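The values are calculated or read from the model by the stated rules, or taken from the named source; none is laboratory data. Computed from a prediction, not measured in an experiment: that's the story for all the values here. Ideal geometry is used to build each Cβ from the backbone, glycine not excepted, and the neighbour counts take in all protein chains shown.
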Amino acid sequence: MFKTIKNAWAVPELRKKILFTLFIIVIFRLGAAIPVPFLDTTALKGVMSQVGAQGTALNYLDTLSGGAFAQATLFAMSVTPYINSSIVIELLTVAIPALERMAKEGEEGRKRLGAITRYVAVVLALIQAVSYYFFLRNSSIDNAYIVKYRTGWQGVFAAFVIVLTFTAGASLMMWLGEQINQHGVGNGISILLFAGIVSRMPHVFNTLGNFWQAANQDPSTYGKYYFLVPLFIILFVLMMWVIVFMYDAEHRIPIQYAKRMVGRRMYGGQSTHIPIKVGLSGVMPIIFASSILVLPSTIQFLMGKNAPTSGFWKGFFDAFSTTGWLYAILYFFLIIAFAYFYMTIQYNPIEMANNLRQNNGTIPGIRPGKPTSDYITKVLSKVTFIGSLFLAFIALMPIIFGASTGMQNLSIGGTSLLILAGVALETVQQLQSQLMMRHYKGFLD
């Protein structure tokens, strides 16, 4: 990876793209530090410190935004509205025939789908900004409210400015991501997510340092951290290695094309394969599963002082906390279920079998038609099951480690690890392909 970056830096055109990408990242981090008007930062810090101690959707958004959400800055919404819009449009493409036809119209159809995705993202950003404003408006600590003006015409003007700023920040981030796609290196939205998560790493190292310092001050009580801190680092490296290994893992279905005469020329006869990636669904099943399971904890947090302290609902909310046994069990099964769901969206075995038959292609030992589609379905099911177990391992390992050791405030989970490794590998592969296109001698050697 480092050799590829070094070789790319030696090419002037690629060096400009890398510098442009870094420039956009700097703009993103500056925007993540610009405060929104009419907010009391002291009260905001006090309320958000409580958010960080609970596994809520707000904590998840804060991780993806690189801490901008907890500080309610210009880029507090991050790229989550665009990601949600992309997921919604992708699902609707399967359900709505008009969008499905648009997706098959080539470059022009993809441009129209991209425009629809951007419009939907702005609408979702507006809805998310309004929801976040009301959360800030109703939140307080020690009788100090976050929003300075809450009533009268000043309150209306403050609400308008806050909501508009959040929405504009999300739209600006979407535009910055598109600029990286056009003039930089890598997928723009993924690069911004990557930068946001990396910016949280100093917080993780600082927390580990606090654990180590506590062990130095009181070895009799906190001496276990002499073992747990190095263990966390080892597990982090091990999980990154597993992610990198599974990222390129694939199952290849062999394909044999029959020979045919067209005029005086012979066509076909070659052997190839259909690659089925083990990590096909990527981080999507974890995002879907966590989005559902954090709802009870989020509702409990938003209830504030009205949250139940005993009885059935208290036990219900405790079971759905990130340290609850029910949360871990449901998380495991939901990841597997959503992995299969995402596989059915990406692959259509019947269409794949028909395409093979139309091109005189067959799977050795399998008859064309329904037996071929059944065989592809069987292979997809096995590969998806292995991939879902891999995702469940990555997602549950930080939760299990935190619950068993008490080190739960490290703010790094399976989703973050998958994004970090996936974006890094994808960007390096793009650099490699661009180096290949330019026949760079140092790379080819």
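Within the stretch 364-373, one or more residues are among the hydroxyl-bearing types (Ser, Thr, Tyr) and within 24 Å of SER271 (Cβ to Cβ).
ASP218 - would you say it is touching a residue at least 12 places away in the same chain (Cβ under 8 Å), among the acidic types (Asp, Glu) and surrounded by fewer than 20 Cβ atoms within 10 Å (Cβ to Cβ)? Outline the logic, then answer.
Details: touching a residue at least 12 places away in the same chain (Cβ under 8 Å): no; among the acidic types (Asp, Glu): yes; surrounded by fewer than 20 Cβ atoms within 10 Å (Cβ to Cβ): yes.
Answer is no for this residue.
Given the structure, is LEU113 touching a strand residue (DSSP E or B) at 6+ places or on another chain (Cβ under 8 Å) and not in a loop (DSSP other than H, G, I, E, B)? Spelling it out, it is not the case that LEU113 is touching a strand residue (DSSP E or B) at 6+ places or on another chain (Cβ under 8 Å) and not in a loop (DSSP other than H, G, I, E, B).
Could you list all residues from the stretch 70-107 that are small (Gly, Ala, Ser), more than 26 Å from LEU44 (Cα to Cα) and not in a helix (DSSP H, G or I)? Before you say what the answer is, go through the steps one by one.
Within the stretch 70-107, the subset small (Gly, Ala, Ser) is 70, 72, 76, 78, 85-86, 95, 98, 103, 106.
Add one more test, that the residue is more than 26 Å from LEU44 (Cα to Cα), and what stays is 85-86, 95, 98, 103, 106.
Passing the criteria: only GLY106.
Return yes when GLY184 is surrounded by 21 or more Cβ atoms within 10 Å (Cβ to Cβ), in contact with a Leu (Cβ under 6 Å, 6 or more places away or on another chain) and closer than 23 Å to GLU426 by Cα and no when it is not. Show your work before the answer.
Values: surrounded by 21 or more Cβ atoms within 10 Å (Cβ to Cβ): yes; in contact with a Leu (Cβ under 6 Å, 6 or more places away or on another chain): no; closer than 23 Å to GLU426 by Cα: yes.
In short, no.
Here is the figure for the stretch 131-163: residues that are part of a helix (DSSP H, G or I) and either in contact (Cβ under 8 Å) with a residue 12 or more places away in the chain or of a type outside the set (A, V, I, L, M, F, W, C) (or both) total 15.
Filtering the stretch 1-21 to residues that are part of a helix (DSSP H, G or I) and surrounded by 14 or more Cβ atoms within 10 Å (Cβ to Cβ) leaves THR4, ILE5, ASN7, ALA8, LEU14, LYS17, ILE18, PHE20, THR21. Please indicate, with yes or no, whether at least one residue in the stretch 203-213 is at pLDDT 80 or above and within 27 Å of ILE345 (Cβ to Cβ). No, the stretch 203-213 has no match at all. Of the helices (runs of 4 or more DSSP H) lying entirely inside the stretch 175-223, those containing at least 2 residues that are under 24 Å from the mean Cα position of the chain (by Cα) and of a type outside the set (D, E, K, R) are 188-198, 201-217. Restricting to the stretch 343-362, name every residue that is within 35 Å of the chain's Cα centre (by Cα) and touching a residue at least 24 places away in the same chain (Cβ under 8 Å). The answer is MET343, ILE345, GLN346, TYR347, PRO349, MET352, LEU356.
Within the stretch 339-361, is even one residue crowded, with 16+ Cβ neighbours inside 10 Å, part of a loop (DSSP other than H, G, I, E, B) and touching a Leu at 6+ places or on another chain (Cβ under 8 Å)? Taking every residue of the stretch 339-361 in turn, at least one turns out to be crowded, with 16+ Cβ neighbours inside 10 Å, part of a loop (DSSP other than H, G, I, E, B) and touching a Leu at 6+ places or on another chain (Cβ under 8 Å).
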